[in-house]
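Chemist: Provided herewith is a single structure, encoded as structure tokens, for subsequent inquiry.
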Amino acid sequence: MKYTLRQLEVFLAVAHYDNITRAAESLSMSQSAASGALRDLEEQFDIRLFDRVGKRLKINELGRLLRPKAQALLERAQGLELEMSQHQAVGQLKIGATLTIGNYLAVSLMARYMKANPEAKLDLQVANTSAIAARVANFDLDVGLIEGEIQHPDLEVLPWRSDELIVFCSPENPLANKTQLDDSDLQAAPWILREPGSGTRQTFDWALHGLLSNLNIVLELEQTGAIKRAVSEGLGIGCLSHIALQESFENEDLAPLKVAGRNFNRQLYLIINRHKYRSEGIQRWLELCHNTS
């Protein structure tokens with residue numbers, strides 16, 4: 001065999017960081033050793049995987065073609081090494097979740113997973129849909145749990161569970177006394193919404209198509225908690241997942257509003273890089289999610 005797993009590790013690290021020094025640091029190698037490993041890999045096959053731009057290394061077309069295959073091969077080797085050295089089939093999983101899922105669903109899923117797999121280690125990263133999708137596509141995360149629809153050639157998108165957005169206000173808001181809101185109510189109200197790029201905002205924009213340009217959006221916030229507090233203080237009305245609002249409705253801290261003629265239903269999804277090797281841990285996580293949908 002003309003290449004080593006270490007050479008593949010260096011290739012993938014440089015592809016991730018676009019920098020040989022940072023790649024070497026991530027692998028606990030010297031810069032010269034990392035440079036030598038990459039150089040040997042390219043010379044053995046008489047190829048170039050990166051374009052040299054000053055001190056930066058930018059992955060080229062051939063490198064992009066080989067990267068997912070090298071990633072899958074290396075992950076298989078790492079999985080085999082883990083099973084042989086530790087006698088276990090489940091290792092560390094890096095899970096990404098959008099804000100609503102991360103704050104209200106992911107922790108209970110993680111608890112169930114770790115109870116069933118006591119040897120497992122889980123790392124949770126929370127961000128909006130576009131950020132989680134980018135990290136899964138870049139192999140920084142093993143699985144993503146997202147609220148918005150996404151299209152990416154390297155991502156497999158798996159329907160997970162249904163959800164619904166709810167328009168809401170402070171109980172003191174006069175709109176709380178209306179049976180339902182019509183389009184004129186929606187255009188007259190000040191809105192406090194999630195930021196563009198989030199799955200919640202994507203569903204909201206679809207639901208209110210034809211009205212968006214006439215809406216009075218006074219705040220765009222990244223945190224659901226901040227939106228609920230702002231609405232509770234009477235700064236406007238909001239629209240979030242029922243998952244994030246259920247407790248506030250039960251405590252009567254916030255009031256749900258019915259909207260005529262608008263569909264706020266949506267689908268939550270699991271995403272995984274289609275080139276990624278599905279280890280035993282990933283398979284168990286996917287099964288757990290589908291069994292608790």
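The values are calculated or read from the model by the stated rules, or taken from the named source; none is laboratory data. Values in this document were obtained by computation on a predicted structure and should not be read as measured data. Cβ coordinates were reconstructed from backbone atoms using ideal geometry, including for glycine residues, and neighbour counts include every protein chain displayed.
Chemist: Please indicate, with yes or no, whether at least one residue in the range 254-261 is over 28 Å from Cys289 (Cα atoms), of a type outside the set (Ser, Thr, Tyr) and modelled with pLDDT under 95.
Modeler: Within the range 254-261 (the criterion being over 28 Å from Cys289 (Cα atoms), of a type outside the set (Ser, Thr, Tyr) and modelled with pLDDT under 95), the answer is yes, since at least one residue qualifies.
Chemist: Does the range 173-192 include one or more residues that are at negative phi and within 15 Å of the chain's Cα centre (by Cα)?
Modeler: no
Chemist: Could you check how many residues of the range 7-43 are within 22 Å of Ala77 (Cα to Cα) and either exposed (fewer than 12 other Cβ atoms within 10 Å of the Cβ) or of a type in the set (Asp, Glu) (or both)?
Modeler: Within the range 7-43, residues that are within 22 Å of Ala77 (Cα to Cα) and either exposed (fewer than 12 other Cβ atoms within 10 Å of the Cβ) or of a type in the set (Asp, Glu) (or both) number 5.
Chemist: Within the range 5-31, how many residues turn out to be touching a residue at least 24 places away in the same chain (Cβ under 8 Å) and outside any helix (DSSP H, G or I)?
Modeler: Residues flagged as touching a residue at least 24 places away in the same chain (Cβ under 8 Å) and outside any helix (DSSP H, G or I) within the range 5-31 amount to 2.
Chemist: Take Leu175 and tell me if it is outside any helix (DSSP H, G or I) and either outside the structural domain of Glu233 (by TED's automatic domain parsing) or not small (Gly, Ala, Ser) (or both).
Modeler: In short, no.
Chemist: Now, a different point. Give me the pairs, please: first residue somewhere in the range 238-256 and under 14 Å from Leu193 (Cβ atoms), second residue anywhere and assigned to a strand (DSSP E or B) and basic (Lys, Arg), beta-carbon distance under 8 Å, and either six or more positions apart or on two chains.
Modeler: Between residues of the range 238-256 that are under 14 Å from Leu193 (Cβ atoms) and residues that are assigned to a strand (DSSP E or B) and basic (Lys, Arg), the close pairs are Leu240/Arg194.
Chemist: Also: Between a residue in the range 188-204 that is in contact (Cβ under 8 Å) with a residue 60 or more places away in the chain and within 15 Å of Leu268 (Cβ to Cβ) and any residue that is part of a loop (DSSP other than H, G, I, E, B) and of a type outside the set (D, E, K, R), which pairs come within a Cβ distance under 6 Å, given they are 6 or more apart or on different chains?
Modeler: So the pair list comes out as Ser198/Asn128; Gly199/Thr98; Gly199/Gly148; Gln202/Gly148.
Chemist: Still on this model: Provide a single number: the residues in the range 114-138 that are among the hydroxyl-bearing types (Ser, Thr, Tyr) and surrounded by fewer than 20 Cβ atoms within 10 Å (Cβ to Cβ).
Modeler: Result for the range 114-138: 1.
Chemist: Looking at (1) without any contact (Cβ under 8 Å) to a residue 40 or more places away in the chain; (2) surrounded by 14 or more Cβ atoms within 10 Å (Cβ to Cβ); (3) in contact with a strand residue (DSSP E or B) (Cβ under 9 Å, 6 or more places away or on another chain), which is the one condition that is false for Arg229?
Modeler: Result: Arg229 passes all but (3).
Chemist: Which of (1) under 15 Å from Thr98 (Cα atoms); (2) surrounded by fewer than 21 Cβ atoms within 10 Å (Cβ to Cβ) is the odd one out, the single condition Leu141 does not satisfy?
Modeler: If we test Leu141 against (1) under 15 Å from Thr98 (Cα atoms); (2) surrounded by fewer than 21 Cβ atoms within 10 Å (Cβ to Cβ), just (2) comes out false.
Chemist: In the range 155-188, which residues are of a type in the set (Asp, Glu), buried (at least 16 other Cβ atoms within 10 Å of the Cβ) and in contact with a His (Cβ under 8 Å, 6 or more places away or on another chain)?
Modeler: The answer is Asp163, and nothing else.
Chemist: Okay, moving on. Is it the case, given these coordinates, that Ile150 is of a type outside the set (Asp, Glu), assigned to a helix (DSSP H, G or I), closer than 27 Å to Gln246 by Cα and in contact with a strand residue (DSSP E or B) (Cβ under 9 Å, 6 or more places away or on another chain)?
Modeler: Here the answer is no, as Ile150 does not meet what is asked.
Chemist: Can you list the strands (runs of 3 or more DSSP E) lying wholly within the range 200-293 that have 2 or more residues being assigned by TED's automatic domain parsing to the domain that holds Lys121 and of a type outside the set (Phe, Trp, Tyr)?
Modeler: In the range 200-293, the matching strands (runs of 3 or more DSSP E) lie at 265-273.
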